[in-house]
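Computed from the coordinates by the stated procedures, all read-outs in this text should not be read as laboratory data. These numbers were taken from a predicted model, which means no experiment stands behind them. With ideal geometry, Cβ positions are generated from the backbone for all residues, glycine too; neighbour counts draw on all protein chains shown.
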Amino acid sequence: YFDHIDPVTGAHGYEYINFRDSCLYVGENIISIGHDEDKNWHAIDWWMHSKPHHDAMLNAEYDLAGMAVNGIIGVMHFCNLK
């Protein structure tokens with residue numbers, strides 16, 4: 001599946017990461033990426049040109065962020081520490 005919410009469990013994607021118990025609130029950006037040569041650049045560029053994704057990336061309230069690209073899926077998680 002490709003969504004912020006698991007269709008089977010109803011869990012949000014960020015619920016599967018280790019820092020969730022340390023975060024006051026969290027956020028997530030996801031993207032389906034084609035076969036571009038530079039998938040990391042493509043993901044960041046697309047998110048920066050999408051207002052809600054851009055706002056999440058530049059939200060000064062987040063203390064931690066992590067990004068991964070695997071195959072055709074890119075994800076970025078954000079955390080505001082407790």
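With loop defined by DSSP as not H, G, I, E or B, and exposure as at most 11 other Cβ atoms within 10 Å, which is the longest segment of the chain clear of exposed chymotrypsin sites (Phe, Trp or Tyr not before Pro)?
On the way: sites that count: Y1, F2.
It works out to 3-82.
Helix 39-48 axis versus longest C-alpha principal axis of the chain: approximately 70°, rounded to the nearest ten.
Placing one equal scatterer on every Cα of the chain and applying the Debye formula, the log10 ratio I(q)/I(0) at q = 0.12, 0.13, 0.19, 0.21 Å⁻¹ is -0.35, -0.41, -0.86, -1.02. Farthest toward the positive end of the dipole of the range 12-82, out of A68, Y25, M57, is the Cα of Y25, where the dipole comes from beta carbon charges about the Cα centre.
For the range 2-46 versus the range 62-80, the inter-centroid distance based on Cα atoms is 6 Å. This model, with +1 at the C-beta of Lys and Arg and -1 at the C-beta of Asp and Glu, gives the chain a dipole about its Cα centre of some 120 debye.
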